[in-house]
Amino acid sequence: MPERIVDETTDDILAPDGDDPLVPDSALLVLLVADGLLLGAFGLMFTPLYTNGIPVPMGIVLSVLVLPWLVRQAGEIDARPAVAGAPLIAWVVAVGVLGLFGPGGDMMLLADWQSLLLAVGGIGAGLWGLQKVLQREYGGSDGG
């Protein structure tokens, strides 16, 4: 019976060693920042939604749920506040620029409760995620 030859290179490609990641950390961080920008744009677009005359601010819900995850994933790459908070900064820039100087000069960030809730909820959720990163990294207390 012939001996089976195993190609070692295919095993290395499918399951790389822990020393060399498949995707560099800088590329993942750029992707998380781009996600923060897109989340800000989509959050701004989906905030003034109405269903049968009832306001359904899905952009706020989306931002509050996803932004802390983006910040915590960036904190996995590097726990420095400027790096971990990069998706939050990108989100604030997207909401601020598109909201105040939107496409065609339109102002998408209206002076109403939904815009206020988007800003406060998004920034608060992002800061909460950043707080969790800093507590994990520097061993802070849980605030109690």
Length added when fully stretched, LEU38-LEU110, from 0.36 nm per residue minus Cα-Cα: 24.0 nm
Residue-by-residue Karplus 3J(HN,Hα) for the range 110-117, coefficients 6.51, -1.76, 1.60, Hz, glycine and proline x: 6, 8, 9, 5, 5, 5, 5, 5
Residue-by-residue Karplus 3J(HN,Hα) for the range 51-60, coefficients 6.51, -1.76, 1.60, Hz, glycine and proline x: 10, 6, x, 9, x, 10, x, 5, x, 5
At R0 = 30 Å, FRET efficiency that the Cβ-Cβ distance of LEU28 and VAL61 yields, to 0.05: 0.75
Net length gained if the chain between ILE77 and ASP20 were fully extended (0.36 nm per residue, minus Cα distance): 19.1 nm
The range 68-144: chymotrypsin sites (Phe, Trp or Tyr not before Pro) in DSSP coil with no more than 15 other Cβ atoms inside 10 Å: PHE101
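Values in this text are rule-based calculations from the coordinates and carry no lab data. This structure is a prediction, so every number in the text was calculated from the model and none was measured. In this analysis, Cβ positions are derived from the backbone assuming ideal geometry, glycine residues included, and neighbour counts consider all displayed protein chains.
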